[in-house]
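Peer 1: One structure follows; several queries about it will come next.
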Amino acid sequence: MDLQGKRVLVIGLARTGGATARFLTEQGASVVVSDLRPEVELKQAMDALAGLPIRYHLGGENKQWLDGIDYVIPSPGVAMENLLLREAAALHIPVLSEIELACRFFQAPLVAITGTNGKSTTTTLVGEMIKAKGQKIFVGGNLGAPFIGAVSEDWDWGVVEISSFQLEWVETFRPRIAALLNITEDHLDRYATFSDYCRAKERIFRAQTADDFAVINRDDPRVWEMHARIKSRIVSFGFSEVKDGVFATATEIVWRDGENEERFSLQRVKLHGVHNVENMMAAVSIAKCAGISRPVIQEILDSFPGLEHRLEFVRERNGVRYYNDSKGTNVGAVVKSLASFADPVVLLAGGVDKGGDYAPLTDTVKQKVRRLVLFGAAKEIIARALGGLTETVIVDDIQAAVRDAAAHARTGDVVLLSPSCSSFDQFRNYAERGQVFKRLVHEL
Ligand code: UMA
C-alpha cells in the first residue's frame, strides 16, 4: 500500500490515533487528525506529535473535514454511527481500522486473539511462549501498545489482542493463527444486538485461507457454530476428550493431532480458575500451531504469574482474602471469576452499565455471594437485577465499598472486586480502578 501523498483522516487522538498519525507521516501521507474533544484536553497528545506535519480539527465533527480525503482511519473507540464514518461511507471513502492498516505493512507471521474474556491472559501467555523460543516478538494491540506502532520494525512474530471494535473495519486482516476464546454479552452500549457483536468478532477469520489456523472453543455454542463458515484449519479446545484438538482433565492439558499427542501438567501452574484452564488450553493450541516445543510450553505454563487486575491476589487480613479483578468489566467475566472460589464471597460491583443482562449471574450470586456491595453509576440497575438474591448494600464509591466489605467479611471469606461494568464514571480506566482498590485494601 503506497501512502505517499495520500490524504488521510485519523479520527480520535488518544493511543491509537497518535500512533497512527505518526506512522502515516513517516509514510509520506498528508495527515489530518480530528477529535471530539477540544485542544485544551488534547495538549499532551499533540505535544507527543510536535514537529510532525499534521493538521488538526478538534472540538467537534464536521463533514467538510472529509473534503479531498482518500482514507479514513477511526480509533477503536469511535462507533460506526459516528457522523464522519457515516458520511465517509456515503462518499465511498475507504475506512480502514488501525489493525487493517497495520497488517498491510507487518511482515512477520501474526497471531490474533479475540473473545469476550481471557484475551489479555492468553495473548501474554502465547507471547511468553514464543519469546522463550528465542524469537523477537511484538505483543500488543488492545492489550496496550497499538499494533500500528510496531510495523516499522522487523519482528519474527506478532501476537496481538484484538477487540470487536478493531474488527469493525477489516478487509484483508489475515492472521496466520486467529483465536476466538468465547463470546458472552458485552458492549451492548455500542452494538444494537448481541448478534452484531458476534458478527464483529467473527471477522477475525474473514480473510484467512486453508493455509492458516483458527483456534476456537468447542464448549462455547456461539463460537462453535461459526466452524462451518471458517476456511482455515480448525484447532478446537474444550473439556471433552477428542482425537484431534486440545482438551483438559483435572490434572493435564492434552494436545492431539491424529497420531501425535503431548501432555502438559497443571500441577505446578499458578493461574487458577476454570476460565484460566480455558485460557491455557487456547494458549497451548496456538503455541502448537506456531511450532513451539513441549518443554517450552510447559515451562511458561508453570512460571506465568497471571496479570494485574485479573483475579489478582492483593492480601490476606484477619483470615479474609482480597482479590482485585477490576478487568471483570462484563457479566460473563464475573460469572467465571466467582466460579473460581469455593469460599463465600463479598462481591464489590458497579461502574458504568453496558446495557447487558445481569441474569447469567443469578445462580452464582445465590450460591456464592454472601454480601453484594454496589457502587458507581450502575448501582441501582444492578440492585434491581440481583439485589433480592443475597444481602445487598448500596454505597457511593469504591472507598465506601471497601470499608463496608472489610466490616462485614468473616474469616474464610473472599472479598472480590469484579465490577461487571466499565470504570469511566469514577476512574480513567479499569487499571486505575484496580490500583485504587489495592491501595484501599493495603490501607485497611
Ligand atoms: N473520539 C472521537 N470521536 C468519537 C469517539 C471518540 O473523536 O466518536 C475520540 C475521543 O475523544 C478520544 C479518542 O477518540 O480522544 C479515544 O479513542 P479510543 O477510545 O479508541 O482510545 P485509545 O487510547 O486509542 O485506545 C484504543 C482502545 N480503546 C477502546 O477500544 C475503547 C484500547 O482498548 C486499546 O488498548 C488501545 O486503543 C490500543 O490498541 C481499551 C478498551 O477498553 C483497553 N478496549 C475495549 C475492551 O477491552 O473491552 C474494547
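Peer 1: What FRET efficiency would be calculated for the residue pair Ala48, Asp302, taking the C-beta separation as r and a Förster radius of 35 Å, to the nearest 0.05?
Peer 2: Values: r = 39 Å, r/R0 = 1.13.
Result of the calculation: an efficiency of 0.35.
Peer 1: Mind telling me which of Gly118, Gly127, Gly355 comes out most flexible in a GNM of the chain, alpha-carbon contacts under 10 Å?
Peer 2: Among Gly118, Gly127, Gly355, the largest mean-square fluctuation in the Gaussian network model of the chain belongs to Gly355.
Peer 1: A follow-up question, please. Taking square-rooted eigenvalues a ≥ b ≥ c of the alpha carbon gyration tensor, is the stretch 7-95 rounded, prolate or oblate, where a/c under 1.5 means rounded and, failing that, a/b exceeding b/c means prolate?
Peer 2: Values: a/c = 1.78, a/b = 1.29, b/c = 1.38.
Verdict is oblate for the stretch 7-95.
Peer 1: Given 0.36 nm per residue, what is the gain on full extension from Gln64 to Ser265 after removing their alpha carbon distance, in nm?
Peer 2: 66.4 nm
Peer 1: Would you please classify the overall shape of the stretch 78-192 from the alpha carbon gyration tensor, given that a ≥ b ≥ c denote the square roots of the eigenvalues, rounded means a/c under 1.5, and beyond that prolate means a/b larger than b/c while oblate covers the rest? Don't skip to the answer; put the middle values down first.
Peer 2: Values: a/c = 2.74, a/b = 1.46, b/c = 1.87.
Judged from the Cα gyration tensor, the stretch 78-192 comes out oblate (a/c at least 1.5, b/c at or above a/b).
Peer 1: Continuing with this model, one more query. How large are Rg and Dmax for the chain when only the alpha carbon atoms are used, in Å?
Peer 2: Here Rg and the maximum Cα pair distance are 22.5, 67 Å.
Peer 1: If you don't mind, there's one more thing I want to ask. Distance cut-off 28 Å, Cα to Cα: go down the list Lys201/Lys288; Lys327/Lys368; Lys133/Lys336; Lys201/Lys336 and report the pairs above it.
Peer 2: The answer is Lys133/Lys336.
Peer 1: What number comes out for the charge environment of Gly356, summing +1 per Lys or Arg and -1 per Asp or Glu over other residues with Cβ under 13 Å away?
Peer 2: -3
Peer 1: From the phi of every residue in the stretch 267-274, what ³J(HN,Hα) in whole Hz does the Karplus formula 6.51 cos²θ - 1.76 cosθ + 1.60 yield, where θ is phi - 60° and glycine or proline is x?
Peer 2: 5, 9, 5, 9, 6, 10, x, 4
Peer 1: A further question follows. Picking from Ala248, Ala89, Ala407, which is most flexible by a Gaussian network model of the chain using Cα springs under 10 Å?
Peer 2: Largest GNM mean-square fluctuation: Ala407.
Peer 1: Using a cut-off of 10 Å between beta-carbons, work out the net charge of the residues near Ala207 (Lys and Arg +1, Asp and Glu -1, Ala207 not included). Walk me through the numbers before you get to the answer.
Peer 2: Values: positive: Arg174, Arg203, Arg206, Lys231; negative: Glu100, Glu171, Asp212.
Neighbour charge sum, excluding Ala207 itself: +1.
Peer 1: Any chance you could run the full-extension gain for Ala407 through Thr209? It's 0.36 nm times the residue separation minus the Cα-Cα distance, nm to one decimal.
Peer 2: Details: separation 198, 0.36 × 198 = 71.28 nm, distance 5.70 nm.
Full-extension gain reported as 65.6 nm.
Peer 1: So, one more: If I model a spin label at Glu171 and His272 as a point 7 Å from the Cα along the Cα→Cβ vector, what separation in nanometres do I get?
Peer 2: In this crude label model, Glu171 to His272 measures out at 5.0 nm.
Peer 1: Considering only protein heavy atoms and a probe of 1.4 Å, how much of the accessible area of the chain is carbon and sulfur, as a whole percent?
Peer 2: About 48 percent, which is the carbon plus sulfur part of the accessible surface.
Peer 1: Still on this structure, please answer the following. With θ set to phi - 60°, apply the Karplus curve 6.51 cos²θ - 1.76 cosθ + 1.60 along the stretch 122-132 and write out the HN-Hα couplings as whole Hz, x wherever there is a Gly or Pro.
Peer 2: So the Karplus estimates, Gly and Pro as x, are 5, 4, 5, 4, 4, x, 5, 5, 6, 4, 5 Hz.
Peer 1: Right, another one. I need the Debye-formula profile for the stretch 100-303: one equal scatterer per C-alpha, no solvent, reported as log10 I(q)/I(0) at q = 0.10, 0.11, 0.16 1/Å, two decimals.
Peer 2: These q points yield log10 I(q)/I(0) values of -0.38, -0.46, -1.01.
Peer 1: To continue, here is another question. So for the chain, averaging the separation of alpha carbon pairs under 8 Å that are six or more residues apart and normalising by length, what relative contact order in percent results?
Peer 2: The value is 11 percent.
Peer 1: While we're on this one: Using the basic label-point model (7 angstrom from Cα toward the beta carbon), what is the Ala145 to Arg384 distance in nanometres?
Peer 2: Result: 4.5 nm between the two label points.
Peer 1: A follow-up question, please. Per residue, what accessible area does the chain have, given a 1.4 Å probe and all protein chains present, in Å²?
Peer 2: 42 Å²
Peer 1: Would you please give the FRET efficiency between Asp257 and Asp154, computed as 1/(1 + (r/R0)^6) with r the Cβ-Cβ distance and R0 = 30 Å, to the nearest 0.05?
Peer 2: For Asp257 and Asp154, the calculated efficiency is 0.45.
Peer 1: Here's something else I'd like to know. Out of Phe138, Phe147, Phe427, any idea which swings most in a Gaussian network model of the chain, alpha carbons joined below 10 Å?
Peer 2: Greatest mean-square fluctuation among the candidates belongs to Phe427.
Peer 1: Once each part is reduced to its C-alpha centroid, what is the distance from the stretch 374-444 to the stretch 284-315 in angstrom?
Peer 2: 29 Å
Peer 1: Quick check: pseudo-label points 7 Å beyond the Cα along Cα→Cβ at Asp396 and Lys136, how many nm apart are they?
Peer 2: About 5.4 nm, to one decimal.
Peer 1: Sum -39500 (n - 2.57) across every DSSP H segment of at least 4 residues in the chain, then divide by the residue count to get the 222 nm mean residue ellipticity, nearest 500.
Peer 2: -9000 deg cm²/dmol
Peer 1: For the peptides 103-111, 281-289, 2-10, what is the packing order when you average, over each peptide's residues, the other Cβ atoms within 10 Å and list the highest mean first?
Peer 2: 281-289, 103-111, 2-10
Peer 1: Whose amide H sits under 5 Å from the amide H of His57, counting only residues 5 or more places off or on another chain, with H placed in the peptide plane?
Peer 2: HN-HN under 5 Å from His57: Val33, Ser34, Asp35.
Peer 1: What's the extension gain from Lys243 to Asp219 if we count 0.36 nm per residue and subtract their Cα-Cα distance?
Peer 2: 7.1 nm is the gain from fully extending Lys243 to Asp219.
The values are calculated or read from the model by the stated rules, or taken from the named source; none is laboratory data. Computed from a predicted model, the values in this text were never measured in an experiment. Quick reminder, even Gly has a Cβ in these numbers, built from the backbone with ideal geometry, and neighbours come from all protein chains shown. In case anyone asks, the SASA skips ligands and DNA or RNA and just uses the protein heavy atoms, side chains included. Shrake-Rupley method; radii C 1.70, N 1.55, O 1.52, S 1.80 Å.
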